[in-house]
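A.B. asks: My questions all concern the structure below.
The values are calculated or read from the model by the stated rules, or taken from the named source; none is laboratory data. Computed from a prediction, not measured in an experiment: that's the story for all the values here. Cβ sites come from the backbone with ideal geometry, for glycine too, and all protein chains shown count toward neighbours.
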Amino acid sequence: MNFDLRIPLGLIFTIYGAILIAAGLTSTPEMIRQTLGQNITLTWGIVQLLFGLTMLLLSRKK
Amino acid sequence: MNPISAIHLGLVDYGILIVYFGFVLGIGFALKRSMKGSGDFFLSGRSIPAWVTGLAFLSANLGAQEVIGMAASGAKYGLMTSHFYWVGAIPAMVFLAIFMMPFYYGSKARSVPEYLKLRFDEKTRGFNAISFAVMTIFSSGISLHALAKLLETLVHWNYWTCITVCALIVLVYIFLGGLTSAIYNEVLQFFMIVMGFAPLVYLALKDAGGWTVLKEKLIPVATSQGYAAGTWSQSWAHLGNPVENPMGVGWFGMVMGLGFVLSFGYWCTDFLVVQRAMAADSMSAARRTPLIAAIPKMLFPALVILPGMIAIALHHQSGGMFLPTAADGTPDYNMVIPTLLAKYLPTGLLGIGFTALMASFMSGMAGNVTAFNTVWTYDIYQSYFAPGKSDSHYLWMGRVATVFGILVSVGAAFLASQFNNIMDMLQLVFGFVNAPLFATFLLGMFWKRTTGHGAFFGLLGGTLGAMLFHGLALAKGCLPGIKGGWLQPMFSFQSEMGQNFWMAIVAWSACFGLTIVISLLTRRTKTDEDLKGLVYSLTPRPKAEAEAWYQRPVLVGVLVMVAVVILNLLFL
């Protein structure tokens, strides 16, 4: 039987979410200027983290 | 501001890329245990749930050439590019789901060429299998070459290092996990593209001032090239006459050439995509596969075409300083995505976007390799060289074919890097072979009188018809030769694209007519009993199982079509 694809999907986006949140929290003013004054890195990191965790949660429910 | 020439990756970006490679290989290793027989390796043991096959179905076609090419077309032609999705994909995907999947899946054929063998005869299968095997392996090589060339320009990596590393990674994960590995990685790639490109499009659109302002900014792009003001932001309004739009295509060529012949020929008969649906865990899941793919597919223009439209608007506004210039003095449209990546994404997000691009190159290659090793092993090796061997022998052969296929891809990439013309020539020949295909399948599935001779010679005639037409037609501004008109330029077209759409129409019609005539003149070799499950009128309808409304193919298919009509009306 193949393993559930939601497990690696969940894991990788949880990791990416965490990396982006860290990058977003340590953004330099120059990076914020590049993203037109918003900290998109942080916002998008949270989105990816939530997506990853949702996938992991779904894979645990049978 | 000067146009960018390179992307600067930070430490975080490299980290993101390495994590991705780790997961890709990890998926391959984790699946190794599931590969017990050839059915697991080539067909995923028909055990994959519909949402996975559906996203893989979409993703297998979404190579990076597609992403980069669609953004380039968005800049070059504007919103009309959406016809490649709303006209040139969705109707065919719905048709495949509702009408054709029951035969592909229900006949238990292991590949599209094998369906032709069951329905017609050996020679029709052989023709399709061999031409398909050659085409996929070269497409895989072209994908590899495009990737290495792009990385060489953008991040200054060595061309051959890129080729070796990418080919090795693809080799390992397919060798270990077969089709399942390719499918899982395609789904991962789908999410990478969405996650990587969504912030890019959001930022670029915000910078351009939003959709309404963007439409205004696209007016001078159109008028400066001599077209009506709305040409870049409307999909249908300027199709009345080929001279009215930059594609040089009229509505009939668009609807019949792209929307019918080319689109149905690709989505309904190309084993690369159909293989994903065949891996589904039930008939119902197989039929839902193209429909699940159709939903994100119809929204993808926002992710891949819109960036091109934004880039050309900003390019025009900045007086030609946004995109780099190509050798012939026009903007380098292929640099749309790299330019936007470098401009808007800071380190971190850049890593996700860049990894998404690499992922789509690699899965484009992997898709070709898995289709190749299946057709090679079942349709060529097992039928002509070594029939009647044990299943584990064919599993072994599949792995050998994977290694061989990757080696040939690398060789094809080398050819492409040395001789550009060879690749143009090959793609031209592939076009001749593919154009008539759908006529054969349509008649085969819906007219039981179609015979093996009719199918084979019809197909051959259609291919020759395409070739002959190419020899007689030439687009404006082209010289006779590889572009057409090598016999005698008799028909003139506004553009090469228009010429190509009409070639498809001619090839299809020739194949359709010839197949009917030859079938009527030859005797049927298959009885009604033989054709049960292969032809519409001889197959019992799949019983409506007690499923939820969203699992019923016909209902979902109709809803998808309604949605796509609404999209067309919104952006008329």
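A.B. asks: For B:Ala473, state whether it is among the hydrophobic types (A, V, I, L, M, F, W, C), within 30 Å of B:Leu239 (Cα to Cα), touching a strand residue (DSSP E or B) at 6+ places or on another chain (Cβ under 9 Å) and not assigned by TED's automatic domain parsing to the domain that holds B:Ala109. Let's see the steps before the verdict.
C.D. replies: Working: among the hydrophobic types (A, V, I, L, M, F, W, C): yes; within 30 Å of B:Leu239 (Cα to Cα): yes; touching a strand residue (DSSP E or B) at 6+ places or on another chain (Cβ under 9 Å): yes; not assigned by TED's automatic domain parsing to the domain that holds B:Ala109: yes.
Yes.
A.B. asks: Which condition number does B:Lys76 fail, the rest of (1) under 26 Å from B:Ile142 (Cβ atoms); (2) buried (at least 24 other Cβ atoms within 10 Å of the Cβ) being met?
C.D. replies: (2)
A.B. asks: Does any residue in the stretch B:326-349 that is under 17 Å from B:His316 (Cα atoms) come within less than 7 Å, Cβ to Cβ, of a residue that is at pLDDT below 90 and small (Gly, Ala, Ser) six or more places away or on a different chain, and which pairs are these?
C.D. replies: B:Asp332/B:Ala326
A.B. asks: Please determine, by comparing only the residues of the stretch B:32-76 that are outside any helix (DSSP H, G or I) and not β-branched (Val, Ile, Thr), which one is nearest to B:Met397 (Cα to Cα).
C.D. replies: The initial filter retains those residues of the stretch B:32-76 that are outside any helix (DSSP H, G or I), namely B:35-37, B:47-49, B:62-63.
Checking which are not β-branched (Val, Ile, Thr) leaves us with B:35-37, B:47, B:49, B:62-63.
Details: B:Met35: 13, B:Lys36: 14, B:Gly37: 11, B:Ser47: 22, B:Pro49: 27, B:Leu62: 28, B:Gly63: 27 Å.
That would be B:Gly37.
Residues checked against (1) assigned by TED's automatic domain parsing to the domain that holds B:Leu150; (2) touching a strand residue (DSSP E or B) at 6+ places or on another chain (Cβ under 9 Å):
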site	(1), (2)
B:His393	yes, no
B:Gly405	yes, no
B:Val408	yes, no
B:Trp447	no, no
B:Gly454	no, no
B:Leu464	no, no
B:Phe469	no, yes
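A.B. asks: Name the residue, out of B:Val410, B:Val369, that is surrounded by 24 or more Cβ atoms within 10 Å (Cβ to Cβ) and over 30 Å from A:Thr26 (Cβ atoms).
C.D. replies: Values: B:Val410 fails: surrounded by 24 or more Cβ atoms within 10 Å (Cβ to Cβ).
Residue meeting the stated conditions: B:Val369.
A.B. asks: Further, regarding this structure: Here are the criteria: (1) among the aliphatic types (A, V, I, L, M); (2) closer than 25 Å to B:Tyr104 by Cβ; (3) surrounded by fewer than 14 Cβ atoms within 10 Å (Cβ to Cβ). Tell me which single one B:Leu479 does not satisfy.
C.D. replies: (2)
A.B. asks: May I pose another question? Could you go through the stretch B:168-177 and let me know if any residue there is at the interface with chain A (Cβ under 10 Å from one of its Cβ atoms), touching a residue at least 40 places away in the same chain (Cβ under 8 Å) and out of contact with any His (no Cβ under 6 Å at 6 or more places or on another chain).
C.D. replies: First, the residues of the stretch B:168-177 that are at the interface with chain A (Cβ under 10 Å from one of its Cβ atoms): B:177.
Applying the additional criterion that residues be touching a residue at least 40 places away in the same chain (Cβ under 8 Å) yields B:177.
Restricting the remaining residues to those that are out of contact with any His (no Cβ under 6 Å at 6 or more places or on another chain) gives B:177.
So far as the stretch B:168-177 goes, yes, one or more of its residues are at the interface with chain A (Cβ under 10 Å from one of its Cβ atoms), touching a residue at least 40 places away in the same chain (Cβ under 8 Å) and out of contact with any His (no Cβ under 6 Å at 6 or more places or on another chain).
A.B. asks: Any residue at all in the stretch B:217-231 that's touching a residue at least 40 places away in the same chain (Cβ under 8 Å), in contact with an Asp or Glu (Cβ under 6 Å, 6 or more places away or on another chain) and more than 14 Å from every other protein chain (Cβ to nearest Cβ)?
C.D. replies: Of all residues in the stretch B:217-231, those touching a residue at least 40 places away in the same chain (Cβ under 8 Å) come to B:217-218, B:220-222, B:224, B:231.
In the following step, the residues that additionally are in contact with an Asp or Glu (Cβ under 6 Å, 6 or more places away or on another chain) were identified as none.
Checked the stretch B:217-231: no residue is touching a residue at least 40 places away in the same chain (Cβ under 8 Å), in contact with an Asp or Glu (Cβ under 6 Å, 6 or more places away or on another chain) and more than 14 Å from every other protein chain (Cβ to nearest Cβ).
A.B. asks: Next question, about the same structure. Please enumerate the residues belonging to the stretch B:460-496 that are farther than 30 Å from B:Gly126 by Cα and assigned to a helix (DSSP H, G or I).
C.D. replies: Listed by number, the list holds a single entry, B:Glu496.
A.B. asks: Among the residues of the stretch B:447-457, are any among the aliphatic types (A, V, I, L, M), farther than 26 Å from B:Gln499 by Cβ, modelled with pLDDT of 90 or more and crowded, with 19+ Cβ neighbours inside 10 Å?
C.D. replies: First, pick out the residues of the stretch B:447-457 that are among the aliphatic types (A, V, I, L, M): B:455.
Those still in the list that are farther than 26 Å from B:Gln499 by Cβ too: B:455.
If we keep only those that are modelled with pLDDT of 90 or more too, we end up with B:455.
Restricting the remaining residues to those that are crowded, with 19+ Cβ neighbours inside 10 Å gives B:455.
Yes, some residue in the stretch B:447-457 is among the aliphatic types (A, V, I, L, M), farther than 26 Å from B:Gln499 by Cβ, modelled with pLDDT of 90 or more and crowded, with 19+ Cβ neighbours inside 10 Å.
A.B. asks: Follow-up. Is it the case that some residue within the stretch B:232-242 is outside any helix (DSSP H, G or I), crowded, with 21+ Cβ neighbours inside 10 Å and touching a Gly at 6+ places or on another chain (Cβ under 6 Å)?
C.D. replies: Taking the stretch B:232-242 as the starting set, the residues that turn out to be outside any helix (DSSP H, G or I) are B:232-241.
Those still in the list that are crowded, with 21+ Cβ neighbours inside 10 Å too: B:232-233, B:235, B:238.
Of the ones still in play, those that are also touching a Gly at 6+ places or on another chain (Cβ under 6 Å) are B:232.
Yes - at least one qualifying residue is present in the stretch B:232-242.
A.B. asks: When only residues in the stretch A:45-58 that are under 20 Å from B:Ile18 (Cα atoms) and of a type outside the set (S, T, N, Q) count, which is farthest from the other protein chains (Cβ to nearest Cβ)? Can you show your working first?
C.D. replies: Let us first name the residues in the stretch A:45-58 that are under 20 Å from B:Ile18 (Cα atoms), namely A:45, A:48-49, A:52.
Pick out the ones that are also of a type outside the set (S, T, N, Q) and you get A:45, A:49, A:52.
Numbers: A:Gly45: 8, A:Leu49: 11, A:Gly52: 10 Å.
Among those that are under 20 Å from B:Ile18 (Cα atoms) and of a type outside the set (S, T, N, Q), it is A:Leu49.
A.B. asks: Let me ask another. Enumerate the helices (runs of 4 or more DSSP H) found wholly within chain A, keeping only those where 2 or more residues are closer than 30 Å to B:Gly45 by Cα.
C.D. replies: Details: elements: A:6-25, A:29-34, A:40-60.
Of the helices (runs of 4 or more DSSP H) lying wholly inside chain A, those with at least 2 residues that are closer than 30 Å to B:Gly45 by Cα span A:6-25, A:40-60.
A.B. asks: Is there a residue being outside any helix (DSSP H, G or I), in the same structural domain as B:Gly54 (by TED's automatic domain parsing) and more than 30 Å from B:Cys511 (Cβ to Cβ) anywhere in the stretch B:268-281?
C.D. replies: Going through the stretch B:268-281, the residues outside any helix (DSSP H, G or I) turn out to be B:270, B:279-281.
Of the ones still in play, those that are also in the same structural domain as B:Gly54 (by TED's automatic domain parsing) are B:270, B:279-281.
Cutting the leftovers down to more than 30 Å from B:Cys511 (Cβ to Cβ) gives us B:281.
Yes: one or more hits.
A.B. asks: Read through the list (1) out of contact with any helix residue (DSSP H, G or I) (no Cβ under 8 Å at 6 or more places or on another chain); (2) modelled with pLDDT of 95 or more, then give the number of the only condition that B:Leu291 fails.
C.D. replies: Every listed condition holds for B:Leu291 apart from (1).
A.B. asks: Based on what the data block shows, is B:Thr81 within 14 Å of another protein chain (Cβ to nearest Cβ), part of a helix (DSSP H, G or I) and in contact (Cβ under 8 Å) with a residue 12 or more places away in the chain?
C.D. replies: Working: within 14 Å of another protein chain (Cβ to nearest Cβ): no; part of a helix (DSSP H, G or I): yes; in contact (Cβ under 8 Å) with a residue 12 or more places away in the chain: yes.
No: the conditions fail for B:Thr81.
A.B. asks: Residues that are out of contact with any Phe, Trp or Tyr (no Cβ under 7 Å at 6 or more places or on another chain), in a helix (DSSP H, G or I), away from every other protein chain (no Cβ under 14 Å) and in contact (Cβ under 8 Å) with a residue 60 or more places away in the chain: does the stretch B:191-210 have at least one?
C.D. replies: Looking for residues that are out of contact with any Phe, Trp or Tyr (no Cβ under 7 Å at 6 or more places or on another chain), in a helix (DSSP H, G or I), away from every other protein chain (no Cβ under 14 Å) and in contact (Cβ under 8 Å) with a residue 60 or more places away in the chain, one finds none in the stretch B:191-210, hence no.
A.B. asks: Quick test of your reading of the structure: B:Gly257 fulfils all but one of (1) surrounded by 17 or more Cβ atoms within 10 Å (Cβ to Cβ); (2) closer than 30 Å to B:Ser363 by Cβ; (3) touching a Pro at 6+ places or on another chain (Cβ under 8 Å). Name the failing condition by number.
C.D. replies: All conditions are met except number (3).
A.B. asks: What number of residues within the stretch B:248-265 satisfy the criterion of being in contact with a helix residue (DSSP H, G or I) (Cβ under 7 Å, 6 or more places away or on another chain) and in a helix (DSSP H, G or I)?
C.D. replies: Taking the stretch B:248-265 as the starting set, the residues that turn out to be in contact with a helix residue (DSSP H, G or I) (Cβ under 7 Å, 6 or more places away or on another chain) are B:248-250, B:253-254, B:256-259, B:261-265.
This time we only want the ones that are in a helix (DSSP H, G or I), so: B:253-254, B:256-259, B:261-265.
Number satisfying all stated conditions: 11.
A.B. asks: Ok, one more. Considering the stretch B:308-360 alone, what residues qualify as being charged (D, E, K, R) and more than 14 Å from chain A (Cβ to nearest Cβ)?
C.D. replies: B:Asp328, B:Asp332
A.B. asks: Restricting to the stretch A:31-44, what's the tally of residues that are more than 8 Å from chain B (Cβ to nearest Cβ) and either small (Gly, Ala, Ser) or touching an Asp or Glu at 6+ places or on another chain (Cβ under 8 Å) (or both)?
C.D. replies: 1
A.B. asks: For the stretch A:10-30, enumerate the residues that are within 9 Å of chain B (Cβ to nearest Cβ) and either in contact with an Asp or Glu (Cβ under 7 Å, 6 or more places away or on another chain) or in contact (Cβ under 8 Å) with a residue 40 or more places away in the chain (or both). Walk me through how you get there before you give the answer.
C.D. replies: Start the filter on the stretch A:10-30 by keeping residues that are within 9 Å of chain B (Cβ to nearest Cβ), which leaves A:11-13, A:15-16, A:19-20, A:22-24, A:27-28, A:30.
Across the stretch A:10-30, the qualifying residues are A:Leu11, A:Ile12, A:Phe13.
A.B. asks: What residue, among those in the stretch B:102-118 that are part of a helix (DSSP H, G or I) and among the hydroxyl-bearing types (Ser, Thr, Tyr), is surrounded by the fewest Cβ atoms within 10 Å (Cβ to Cβ)?
C.D. replies: Among those residues, the one meeting the criterion is B:Tyr105.
A.B. asks: Can you name every residue in the stretch B:36-55 that is on the phi < 0 side of the Ramachandran plot and more than 10 Å from every other protein chain (Cβ to nearest Cβ)? Break it down stepwise before answering.
C.D. replies: Taking the stretch B:36-55 and keeping what is on the phi < 0 side of the Ramachandran plot, we get B:36-43, B:47-55.
Answer for the stretch B:36-55, where residues must be on the phi < 0 side of the Ramachandran plot and more than 10 Å from every other protein chain (Cβ to nearest Cβ): B:Lys36, B:Gly37, B:Ser38, B:Gly39, B:Phe41, B:Phe42, B:Leu43, B:Ala50, B:Thr53, B:Gly54.
A.B. asks: Does B:Gly15 satisfy the criteria of being outside any strand (DSSP E or B), at pLDDT 95 or above, crowded, with 21+ Cβ neighbours inside 10 Å and among the small types (Gly, Ala, Ser)? Walk me through how you get there before you give the answer.
C.D. replies: Details: outside any strand (DSSP E or B): yes; at pLDDT 95 or above: yes; crowded, with 21+ Cβ neighbours inside 10 Å: no; among the small types (Gly, Ala, Ser): yes.
No: the conditions fail for B:Gly15.
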